[in-house]
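The structure appears below as structure tokens.
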Amino acid sequence: MAAANPSLPYGGYPEREEARESRFERALAASRYYAARPGAGAGALARIVAATDCATDGLSAASDEQLRARALRLGPLLRQSGFAEPGLAAQVFALAREAAGRTLGMRHFDVQLIGGWAMLNGMLAEMETGEGKTLTATLAAATAALAGRAVHVVTVNDYLAERDAQWMGPLYRALGLSVGCVKQGMSPEARRDAYRCDVAYCSNKEVAFDYLRDRLVLGGRPRPVAMKLGVLCGGGPAARLLLRGLQFAIVDEADSVLVDEARTPLILSAQAGNPEAQALHRQALALARALAPADYRIRDKGAEITRSGLATLERLAEPLAGVWRGPRRREQLVRQALAALHLFQRDKHYLLREGKVVIIDENTGRLMPDRSWEQGLHQLIEIKEGCEPSGERETLARISYQRFFRRYLHLAGMTGTASEVAPELWAVYRLRVARVPTHEPCRRARLADRIYGRSELKWRAVVQSIRRHRDAGRPVLVGTRSVGASETLARRLDEAGLPYRLLNARQDREVAQLVAQAG
């Protein structure tokens, strides 16, 4: 992504236009990627270290007020020159390093300077776990914020967004910058205030849905002239917008957000108001349950009805009227009902809480109480579980993470694992991966994988391993793929007499306290 500093119009909504690339342009971009791969390494980025060291002279003797004044004086220069050369950025990095030492009791290592410089240049910094990515991000975020950019530091959940905003807040404030946090349940006014801060911490879900809400306010693509007039007149759509555009984003766990969840559909919906829908869903479930196993096949992404199944379905629907007379609509409803019955499982894809079906995010294991499946699937699952079905919803706006993050004028990120997907990150986002060395030599050992023929043998080996590490005085973290699997392990630990703390989607309200006590 471009690292230049484009003029940001007053009252505008800056974002990148989605350009359709020809086959030739894609081939040219691929050739640029492979031709320039050596330049993305830490060696080419390490010049920021010497530049920062030079800019550090005399800072330790400066007062807190003088540090803040120096930082604010750099703002106009950064707006004019951008981040192409390390001179100005190194001065901000030096100020941030000094401020971190005074406010947080931490000082950026040289490798963190390299990571910050990589992100400021529109790259994805690949840093090992424990190398301090949270602190590293403050270098790029503070520099961009002083340059007048609206900075979004995007994390994978609300807990991390709130923790990092509180943790890093004193550093930003020492440089004269404001910091905000956006999380689930906030009012539009509180969200607007948080996004107006120089640096806003938020989860990928919250910022993407807030962007969709802005698009509804704008009625489509932003119209700069109309927005400027609205700002000058003190009203118009601009007064109701949440974001200040998509200017500068730093994405934490970038491989998860930008690759694993890239095509996840984000759908903003409203109550549709169809009183006949509940009866249709109950009939669809009844018809689906009447089909024999040979009448359908369950796939990873849905259900298929066989030819014999279609004939059986036509016969079963013959006494019914309305939409059941139409073969396409009839098949669509029953396919959704089959998916609800056989594809979506309780404690894996959703939980029952207070008589409601609550979706579990399969990537993070966290509950998403404000989300629902579309096309009647959510209502079908509610009826399957004996819950009172909620009203069906209609789609107002939708986008994927891939399309959303490509609209940022400046996109950067950080993660522990990105080399494997580096070509994809370049092809989709024009993000180059910069591998940042560790501060100390890595002593981590990757043990061989073990494969067990039966689940019973696997769980027995897991419990034995936990006991062995516990007896040696090591804290143990066990990750599972579902709520059900975590509770299976919990029962086995009870049987073995091993103490533990269970953290899954059922304990989402206590996550902060549990994580704080871990280890």
Checked against the structure, the computed Cα Rg over 2.2 N^0.38 Å among (1) 1.35; (2) 1.24; (3) 1.11 is the one labelled (3)
Pseudo-spin-label distance Glu304 to Ala50, built 7 Å along Cα→Cβ, given in nm, is 6.2 nm
Heavy-atom accessible area of the chain with neighbours in place, 1.4 angstrom probe: carbon+sulfur share in percent works out to 50 percent
In terms of the alpha carbon gyration tensor, root eigenvalues a ≥ b ≥ c, rounded if a/c is under 1.5 and otherwise prolate when a/b exceeds b/c or oblate, the stretch 36-186 is rounded
Placing each pseudo-label 7 Å from Cα in the direction of the beta carbon, Arg315 and Arg430 end up separated by a distance in nanometres of 6.0 nm
Applying the gyration tensor rule to the Cα atoms of the stretch 79-151 (axes a ≥ b ≥ c; rounded if a/c under 1.5, else prolate if a/b exceeds b/c, else oblate), the class is oblate
Rounded to the nearest 5, the percent of antiparallel DSSP beta bridges in the chain equals 40 percent
Per the helix-only model, the chain has a calculated mean residue ellipticity at 222 nm (DSSP H runs of ≥4, -39500 (n - 2.57) each, divided over all residues, rounded to the nearest 500) of -14000 deg cm²/dmol
Listed by chain and number, the aspartates and glutamates with an alpha carbon less than 12 angstrom from that of Lys133, same-chain partners under 8 positions apart left out, are Asp164, Asp252, Glu253
Per the rule of 0.36 nm per residue minus the C-alpha distance, extending Ala239 to Leu396 adds in nm 54.4 nm
Rounded to the nearest 10 degrees, the helix 158-174 long axis (Cα) sits at an angle to the longest Cα principal axis of the chain of 10 degrees
The answer for trypsin sites (Lys or Arg not before Pro) in the stretch 467-510 that fall in a DSSP coil and have at most 14 neighbouring Cβ atoms within 10 Å is Arg481, Arg501
Expressed per residue, the solvent accessible area of the stretch 403-496 in Å² (1.4 Å probe) is about 65 Å²
With DSSP loop assignment and no more than 14 other C-beta atoms within 10 Å, the trypsin sites (Lys or Arg not before Pro) in the stretch 43-113 are Arg107
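Can you give the FRET efficiency to the nearest 0.05 for Lys458 and Ala62, using r as the Cβ-Cβ distance and R₀ = 45 Å?
My answer for the efficiency is 0.15.
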PRE zone check, label point 7 Å out along Cα-to-Cβ of Ser81, amide N under 19 Å, scope the stretch 148-183, hits 148-149
Flagged as over-length at 21 Å C-alpha distance, from Lys384/Lys458; Lys301/Lys384; Lys301/Lys458; Lys301/Lys356; Lys183/Lys205, the pairs are Lys384/Lys458; Lys301/Lys458; Lys301/Lys356
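Which of rounded, prolate, oblate describes the stretch 247-317, given a ≥ b ≥ c as roots of the alpha-carbon gyration tensor eigenvalues and a/c under 1.5 marking rounded, otherwise prolate only if a/b is larger than b/c?
Oblate, since a/c reaches 1.5 and b/c is not below a/b.
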On the formula 1/(1 + (r/R0)^6), with r taken between the Cβ atoms of Arg403 and Arg328 and R0 of 22 Å, the FRET efficiency rounded to 0.05 is 0.15
Most packed first (mean Cβ within 10 Å per residue), the peptides 177-190, 239-252 order as 239-252, 177-190
Expressed in square angstrom to the nearest 10, the accessible area of Thr415 with a 1.4 Å probe stands at 0 Å²
Low-density loop chymotrypsin sites (Phe, Trp or Tyr not before Pro), the stretch 408-480, at most 13 other Cβ within 10 Å, DSSP non-H/G/I/E/B, are Tyr452
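The values are calculated or read from the model by the stated rules, or taken from the named source; none is laboratory data. Note that this is a predicted model, so its numbers are computed, not measured. Neighbour counts are summed over all protein chains in view; Cβ atoms, including those assigned to glycine, are modelled from backbone coordinates with ideal geometry. Heavy atoms of the whole protein, side chains included, go into the accessibility calculation; ligands, DNA and RNA do not. Shrake-Rupley method; radii C 1.70, N 1.55, O 1.52, S 1.80 Å.
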